[in-house]
Amino acid sequence: MKREVLMEIELTNGVDPRFIELCRLLDRSLDEAVGGHAQREVYDKYNGVDATFRVALFLDKDIPVACGSYKPLSADTAEVKRVFTREDFRGQGLAAKIVAELEKDAASNGYRFLVLETGKPLKAAIRLYEKLGYGRIPNYGQYSCMPLSICMRKEIRRDQILTSDH
């Protein structure tokens, strides 16, 4: 049974142990979704975390229940990474709120665009990002030769983010 979260959001960085633990749970969840770790092993080297990541954590009474992050790619573009909600907290719109918080933070830090990569088997993630205004783009960088990857992008303008209903 899902329960409502009485939560707060906290911004931190990619070496926060609470974020690292949620990333471990995300990796297990992805392994289940795609039929095992061997199916996504090629992505491992692109899913590390470090202190350059800006992280949004949702906390339910100090327990981390959802997360997301972004890392710089260029002066005006950052990449959304590691968006995840614990299974027993899903269905409450937490992932959308995490992404909205990341957009707001990225815009306030001078980024104009957010890009991301997700996998073709991850239909719920694709629907979420499309609903949030991310459009499909040609696969970029390390994902350009990965046929199961879908890359997306959204322009984030500080004036729009700060006045929207996020």
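For region 126-158, name all the residues that are over 20 Å from D76 (Cβ atoms), out of contact with any helix residue (DSSP H, G or I) (no Cβ under 8 Å at 6 or more places or on another chain) and part of a helix (DSSP H, G or I).
I126, R127, E130
On the given criteria, is G119 in contact with a helix residue (DSSP H, G or I) (Cβ under 9 Å, 6 or more places away or on another chain) and in contact (Cβ under 8 Å) with a residue 60 or more places away in the chain?
yes
Is it true that some residue in region 114-131 is more than 22 Å from T12 (Cβ to Cβ), in contact with an Asp or Glu (Cβ under 8 Å, 6 or more places away or on another chain) and of a type in the set (K, R)?
Looking through region 114-131, none of the residues is more than 22 Å from T12 (Cβ to Cβ), in contact with an Asp or Glu (Cβ under 8 Å, 6 or more places away or on another chain) and of a type in the set (K, R).
How many residues are at pLDDT below 60 and either surrounded by 17 or more Cβ atoms within 10 Å (Cβ to Cβ) or closer than 18 Å to D105 by Cβ (or both) if we restrict to region 1-33?
The total comes to 1.
Residue-by-condition table, conditions (1) modelled with pLDDT of 95 or more; (2) in a strand (DSSP E or B); (3) within 20 Å of R127 (Cβ to Cβ):
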{"position": "K45", "(1), (2), (3)": "no, no, no"}
{"position": "G48", "(1), (2), (3)": "no, no, no"}
{"position": "G68", "(1), (2), (3)": "yes, yes, yes"}
{"position": "A75", "(1), (2), (3)": "yes, no, no"}
{"position": "V83", "(1), (2), (3)": "yes, yes, yes"}
{"position": "G91", "(1), (2), (3)": "no, no, yes"}
{"position": "A96", "(1), (2), (3)": "yes, no, yes"}
{"position": "E101", "(1), (2), (3)": "yes, no, yes"}
{"position": "D105", "(1), (2), (3)": "yes, no, no"}
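Starting from residues that are over 10 Å from the mean Cα position of the chain (by Cα) and within 11 Å of Y70 (Cα to Cα), keep the ones in region 83-110 and report whichever is surrounded by the fewest Cβ atoms within 10 Å (Cβ to Cβ).
Residue satisfying both the conditions and the ranking: D105.
The values are calculated or read from the model by the stated rules, or taken from the named source; none is laboratory data. Just so it is clear, the structure is predicted and the values come from calculations on it, not from any experiment. We place every Cβ from the backbone using ideal geometry, glycine too, and count neighbours over all the protein chains shown.
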